[in-house]
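Computed from the coordinates by the stated procedures, all read-outs in this text should not be read as laboratory data. Bear in mind the structure is a predicted one, so any value in this text is a computation, not a measurement. Ideal geometry is used to build each Cβ from the backbone, glycine not excepted, and the neighbour counts take in all protein chains shown.
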Amino acid sequence: MAYDHFVEHLFPNDLIPTLKRRLNNILGHEKADVIENKIESAIRVLKKLDQFEVVHVIKTWANSWASTFRFHEDKRLPCLLGCPSGQDCMKHYQSRLSLHTIVYDALGKGDDWSEFADLGIANPSREGLRA
Ligand SMILES: [Zn+2]
């Protein structure tokens, strides 16, 4: 019992505050209310996915994919998807003009960007989080 309190004090579970902070950095402050109000329901949906899918979503929300901008490398690459003016950073890959096109073309969703535009936060669904 004392051990549990000791561990909880030393290693507090700050996953949700961390995800909120990092999602704000990726999506911008105009999505702050959506992130604040929807993150917990998105996490409830997330728990229904396979463990490997959960890891991918958490890595995306936490901006923990490897990119030259995230690692502050001396030589920062352009968009790895070939956008002429894009940068190798999560904020760009989240943008409508890059990864959305590839994902939604692959899913046959046409121009419906709504599920992916906020990384599955606003209207969390299993399909949206998988995208
Ligand atoms: Zn791009």
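Sites counted here are trypsin sites (Lys or Arg not before Pro) in a DSSP loop (not H, G, I, E or B) having no more than 12 other Cβ atoms within 10 Å; the longest part of the chain that contains none of them is 1-46. Extending 7 Å from the Cα toward the beta-carbon at both ASP74 and GLU36 defines two label points whose distance is 4.3 nm.
Give me the count of lysine pairs in the chain whose alpha carbons sit under 24 angstrom apart, restricted to pairs 8 or more positions apart or on different chains. Counting lysine pairs in the chain gives 23.
Restricting the GluC sites (Glu not before Pro) of the stretch 1-76 to loop positions (DSSP other than H, G, I, E, B) with no more than 13 neighbouring Cβ atoms within 10 Å leaves GLU73. VAL54 sits among other residues whose Cβ lies under 14 Å from its own Cβ, and their net charge, with Lys and Arg +1 and Asp and Glu -1, is +4.
For the chain, which span is the longest to avoid every loop-located (per DSSP) member of chymotrypsin sites (Phe, Trp or Tyr not before Pro) having at most 16 other Cβ atoms inside 10 Å?
The longest such stretch corresponds to 1-64.
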